[in-house]
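Encoded as structure tokens, the structure appears first; notes follow it.
The values are calculated or read from the model by the stated rules, or taken from the named source; none is laboratory data. What you see is a predicted model; the values in this text were computed from it and never measured. All Cβ positions, even for glycine, are placed from backbone atoms using ideal geometry, and neighbour counts span all protein chains on display. Calculation scope for accessible area: heavy atoms of the full protein, side chains included, ligands and nucleic acids excluded. Shrake-Rupley method; radii C 1.70, N 1.55, O 1.52, S 1.80 Å.
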Amino acid sequence: MKRTSTIIALAALAGCLAVGCSKTTYFQVYQTQSVNAESCVAKDGRLVHESGDFTVRYNFFAETGDAGFWFVNNSDSVVFLNLAESFFILNGHANDYYQARGWTTTKSSTITISKQERKEKKKSSSENIEGSSTSEMKASQVTERAVMAIPPHSTKYVSEYNIITKELEMCGVKDTPKKGKPLGLSFTVENSPLFFGNYITFTVGCKGKKQHIDDRFYASEIINVNGAAMYETVRLKDACGKETGEKVEKIRYSTPDRFYITYKR
């Protein structure tokens, strides 16, 4: 009996090694809410903070969460976004948008000489011209700017950080839910484990008064979802909203106030 059990165990181990001990993929989905419900509202597939001179738009939905923002200049003057005084804030820890970085970029160019040009050059010169092209490489230094200028009635996207990169452990909640049974917890602004947001500093016009935007969000619900239940089949629609008959897979929970993290077990 002992010999039989040993053989079975060895066979199972060999099978596991042969297929690479594949694991199941799960998703942890985060539902967020604005700390100040009046400052950001859902509009046109984005979370929008709107004022007279500016509009700030968010769409968190991406793996690990997109913490970036679109800054829309609604005014007739240039807006100067001060990145040195703008921050992504996660659970009270401020992360700088301006990091004083520099890059070296290179550009190569090739000059091609045709057969006719080579003949003409040989006639007018005693030099022996061989080959058909010459290459030139130029390098230039690019330095990150502390201030971003946004022209009137224009938009710029600012992105530097993901919201979080690793799933959160929730006491009493299984991290391996079945296909049809997502498992999770709901939170209030008082007990949420995740707070994040952007503190943005800018002026309207070069002599404008310094202004600040302080958009803060928190996780109001976190659920663990089996990977097999994360996608749904939907029918495509044309520009007029009529179904085309073509089917595609769409990821569930795809709203601008949500994001997700993948993990394996």
*Working carefully through the options Ala100, Ala84, Ala149, Ala94, find the one that is within 30 Å of Ile200 (Cβ to Cβ), of a type in the set (A, V, I, L, M), at pLDDT 80 or above and part of a loop (DSSP other than H, G, I, E, B).*
Ala100
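Quick one: which residue in Thr25, Thr64, Thr104 is over 18 Å from Asp215 (Cα atoms) and open to solvent by less than 30 Å² (accessible area, probe 1.4 Å)? Before you say what the answer is, go through the steps one by one.
Working: Thr25 fails: open to solvent by less than 30 Å² (accessible area, probe 1.4 Å); Thr104 fails: open to solvent by less than 30 Å² (accessible area, probe 1.4 Å).
None of the others qualify; the one that does is Thr64.
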_Qualifying positions in the range 63-104 - on the phi > 0 side of the Ramachandran plot and within 17 Å of the chain's Cα centre (by Cα)_ = Thr64, Gly65
_I'd like to verify a number: residues in the range 188-207 that are open to solvent by less than 40 Å² (accessible area, probe 1.4 Å) and either within 25 Å of the chain's Cα centre (by Cα) or small (Gly, Ala, Ser) (or both), how many?_
9
*Select the strands (runs of 3 or more DSSP E) contained entirely in the range 1-74, then report the ones holding at least 2 residues which are β-branched (Val, Ile, Thr) and either within 27 Å of Glu190 (Cβ to Cβ) or modelled with pLDDT under 95 (or both).*
25-34
_the range 79-103 residues that are under 24 Å from Leu194 (Cα atoms), paired with ones that are in a loop (DSSP other than H, G, I, E, B) and of a type in the set (S, T, N, Q) (beta carbon under 7 Å, 6 or more apart)_ = Tyr97/Ser86
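Can you tell me which of Lys181, Lys250, Lys210 is in contact with an Asp or Glu (Cβ under 6 Å, 6 or more places away or on another chain) and open to solvent by 80 Å² or more (accessible area, probe 1.4 Å)?
Values: Lys181 fails: in contact with an Asp or Glu (Cβ under 6 Å, 6 or more places away or on another chain); Lys210 fails: in contact with an Asp or Glu (Cβ under 6 Å, 6 or more places away or on another chain).
None of the others qualify; the one that does is Lys250.
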*When residues of the range 32-51 are filtered for being more than 26 Å from Tyr98 (Cβ to Cβ) and either open to solvent by less than 50 Å² (accessible area, probe 1.4 Å) or not aliphatic (A, V, I, L, M) (or both), how many remain?*
5
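Restricting to the range 195-237, give me the number of residues that are of a type in the set (D, E, K, R), in contact (Cβ under 8 Å) with a residue 40 or more places away in the chain and under 30 Å from Lys264 (Cβ atoms).
We begin by selecting, within the range 195-237, every residue of a type in the set (D, E, K, R); these are 207, 209-210, 214-216, 221, 232, 235, 237.
From the residues that got through so far, the ones that are in contact (Cβ under 8 Å) with a residue 40 or more places away in the chain too are 210, 215-216, 221.
Then drop every residue that is not under 30 Å from Lys264 (Cβ atoms), which leaves 221.
The number of residues fulfilling the criteria is 1.
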